[in-house]
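Written out below as structure tokens is the structure these notes cover.
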Amino acid sequence: PKVKDQLRRAETNGCFYIESPAMRGLLRKLRCDNYLTLVAASSIIRPGVAKSGMMREYIHRFHHPESFQYLHPVMQEQLSETYGVMVYQEDVLKVCHHFAGLDLADADVLRRIMSGKKRKQNEFEEIVGRFFENCKARAYPDSVTREVWRQIESFAGYSFSKAHSASYAVESFQSLYLKAHFPLEFQVAVINNFGGFYHTWVYFNEARRQGGYIHLPCVNNSQYLTSLQDTTIYIGFVHIAGLEERLAHHVVEERKKHGNYQGLHDFIDRVKPCIEQIVILIRSGAFAFTGQPKSGLLWEAHLYRKKSKTVEKPSLLFKEQARRYQLPQLDSEPVEDAYDEIELLGFPVSMTDFDLLITKFRGEVQAETMLDHVGQHKRMLGKLVTIKYVKTVRGELMHFGTFVDHRGELFDTVHFPPSLKQYPFQGAGMYLLLGKIVEEFGYPMLEVEKMARMPMRKDPRES
């Protein structure tokens, strides 16, 4: 039940094949909560079905099976499971064979040619000619024949076999089971796979949504890969930009052999890193356990280690007492830490991107309440997650966008050519979006009319 509930709500971030914005939207439109519907969804998401308009038609027929008529009794006989819509490669074969009277060999040749497989010259034209001749001989209305052919032509080149879709759906269900019952373990595994539709920060955001506390890298707790301790997720050393892999492994191995590091000096004596690598670790927050500010740690590191001495020294029989320096009071602001994290980890951890905005405005509507405002023009604020590029029938460019609001929830947008020409995307960042909230089969989107990239607070160190 828990898995089916998450599937119905499209809580699929990190799950194989069903996490993209288009797939999440389709699952919500279908209110998919069972295996067979997921098998069909895994195939109708393919470009051919959407291009022919049959994906929307399938969703409508799925919810209202009594409200449509089959094109022909043969379509009802052969495609009743999918409401008269060709969803799988086998459906193309069945329609060509049972509706148009082509033998199965010719039907398969037709499918293969449409899928881009090379065949003898004129073979395609011959089979297509036979298709229309057979339909005419069977006294089908021309309009019916042309519509069946249109669906075949637009669909066959992108179709999956049913077995292919079924195996994808099995994997999707298995992933979703793990996500439903072991959410934090699953999300950490996704992060460590470095695989998935989205950037790594999106999966850390999802882990936070699932109740995890994201902790900065720590020389006493982090592993090379990201790790989980109860509900605390320690970012792995692998995510720190510029940190040498050899050193990252050495930090972990030394800690396992001789225990936790007592402080910065103890770390330097035992690991013997060069000054550049120490600076990276300090700026990433890996020595926060000492309770000292980064600025003080950086001064101490330079004074204790000097410049870039990488020569290995023999282990000391007796530990030398580190010289203590009286440092002046060094001022720093939390926003400085956030910019260090963005530079070294790719996203802020100690505060959110929304905390870095100059404005306190967080949008008139949040992702969770969009359905309460359908038909209304509203302003929404979000961090850009991903963009899908689409060409219209006129060859113009339009976009589908995905954003995350200040509560960490995803919402989707559509940008038609007129709006996009006047208000194009300006790279990653935070956007204020004005548009009309629309919905289709219970799935909301924002039709963007205007948008602007929002200014952020400056790093004080830049001035």
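The values are calculated or read from the model by the stated rules, or taken from the named source; none is laboratory data. Worth saying up front: this structure is predicted, and the values here are computed from it rather than measured. Virtual Cβ from ideal backbone geometry, glycine too; neighbours counted across all protein chains shown. Please note that ligands, DNA and RNA were not included when accessible areas were found on the heavy atoms of the full protein model with its side chains. Shrake-Rupley method; radii C 1.70, N 1.55, O 1.52, S 1.80 Å.
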Criterion violated by residue 256 - all others in (1) surrounded by fewer than 18 Cβ atoms within 10 Å (Cβ to Cβ); (2) in contact (Cβ under 8 Å) with a residue 60 or more places away in the chain satisfied: (2)
From the list 222, 143, 175, 154, which residue is under 21 Å from residue 89 (Cα atoms) and polar (S, T, N, Q)? 154
Selection within segment 362-396 - part of a strand (DSSP E or B) and under 22 Å from the mean Cα position of the chain (by Cα): 380, 381, 382, 383, 384, 385, 386, 387, 388, 389, 390, 391
Look at segment 387-405 and say how many of its residues are surrounded by fewer than 16 Cβ atoms within 10 Å (Cβ to Cβ) and touching a residue at least 60 places away in the same chain (Cβ under 8 Å). 1
When you go through (1) within 20 Å of residue 165 (Cα to Cα); (2) surrounded by 15 or more Cβ atoms within 10 Å (Cβ to Cβ) one by one for residue 72, which number turns out not to apply? (1)
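I'm trying to understand the selection: among the residues of segment 235-251, which are among the hydrophobic types (A, V, I, L, M, F, W, C) and crowded, with 16+ Cβ neighbours inside 10 Å? Show your work before the answer.
Restricting attention to segment 235-251, the residues satisfying the condition of being among the hydrophobic types (A, V, I, L, M, F, W, C) are 235, 237-238, 240-241, 243, 247-248, 251.
Across segment 235-251, the qualifying residues are 235, 237, 238, 240, 243, 247, 248, 251.
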Taking residue 163, is it over 23 Å from residue 249 (Cα atoms), more than 21 Å from the chain's Cα centre (by Cα), of a type in the set (A, V, I, L, M) and not in a helix (DSSP H, G or I)? no
Count of segment 187-197 residues which are modelled with pLDDT of 95 or more, open to solvent by 20 Å² or more (accessible area, probe 1.4 Å) and either under 26 Å from residue 5 (Cβ atoms) or not in a helix (DSSP H, G or I) (or both): 1
Looking for something touching a Ser or Thr at 6+ places or on another chain (Cβ under 9 Å) and modelled with pLDDT of 95 or more - is there at least one such residue anywhere in segment 319-336? no
Can you spot a residue in segment 423-439 that is in a strand (DSSP E or B), open to solvent by 40 Å² or more (accessible area, probe 1.4 Å), free of Cβ contacts under 8 Å to residues at least 40 places away in the same chain and more than 27 Å from residue 63 (Cβ to Cβ)? no
Considering residues of segment 221-231 that are among the polar types (S, T, N, Q), in a loop (DSSP other than H, G, I, E, B) and open to solvent by 20 Å² or more (accessible area, probe 1.4 Å) only, the residue farthest from residue 249 (Cα to Cα): 231
Given (1) out of contact with any strand residue (DSSP E or B) (no Cβ under 9 Å at 6 or more places or on another chain); (2) open to solvent by less than 20 Å² (accessible area, probe 1.4 Å); (3) touching a residue at least 24 places away in the same chain (Cβ under 8 Å); (4) among the β-branched types (Val, Ile, Thr), where does residue 200 come up short, assuming only one miss? (2)
Answer yes if at least one residue in segment 367-384 is out of contact with any strand residue (DSSP E or B) (no Cβ under 9 Å at 6 or more places or on another chain) and farther than 23 Å from residue 27 by Cα, and no otherwise. no
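Which of the helices (runs of 4 or more DSSP H) contained wholly in segment 1-51 include at least 1 residues that are closer than 14 Å to residue 179 by Cα?
Values: elements: 2-8, 21-30, 35-44, 47-51.
It comes to 2-8.
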Go through (1) free of Cβ contacts under 8 Å to residues at least 40 places away in the same chain; (2) under 31 Å from the mean Cα position of the chain (by Cα); (3) open to solvent by less than 30 Å² (accessible area, probe 1.4 Å) and name the single condition residue 84 misses. (2)
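Taking residue 2, is it open to solvent by 50 Å² or more (accessible area, probe 1.4 Å), under 30 Å from residue 210 (Cα atoms) and either over 20 Å from the mean Cα position of the chain (by Cα) or at pLDDT 95 or above (or both)? Write out each step before concluding.
Numbers: open to solvent by 50 Å² or more (accessible area, probe 1.4 Å): yes; under 30 Å from residue 210 (Cα atoms): yes; either over 20 Å from the mean Cα position of the chain (by Cα) or at pLDDT 95 or above (or both): yes.
Yes.
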For segment 441-459, which positions are out of contact with any helix residue (DSSP H, G or I) (no Cβ under 6 Å at 6 or more places or on another chain) and farther than 19 Å from residue 376 by Cβ? 452, 453, 454, 455, 458
Just for segment 406-422: of the residues that are touching a residue at least 60 places away in the same chain (Cβ under 8 Å) and touching a strand residue (DSSP E or B) at 6+ places or on another chain (Cβ under 7 Å), which one is least open to solvent (accessible area, probe 1.4 Å)? 412
Name the residues in segment 93-116 that are open to solvent by 60 Å² or more (accessible area, probe 1.4 Å) and among the acidic types (Asp, Glu), would you? 103
Please go through segment 259-276 and pick out each residue that is surrounded by fewer than 15 Cβ atoms within 10 Å (Cβ to Cβ) and outside any loop (DSSP other than H, G, I, E, B). 276
Of (1) at pLDDT below 95; (2) open to solvent by 20 Å² or more (accessible area, probe 1.4 Å); (3) of a type in the set (Phe, Trp, Tyr), residue 160 satisfies all except one. Which? (2)
Within the set of pairs 6+ apart or on separate chains, which have a first residue in segment 129-153 that is in a helix (DSSP H, G or I), a second that is modelled with pLDDT of 90 or more and among the small types (Gly, Ala, Ser), and C-beta atoms under 7 Å apart? 131/100; 134/100; 134/101; 135/100
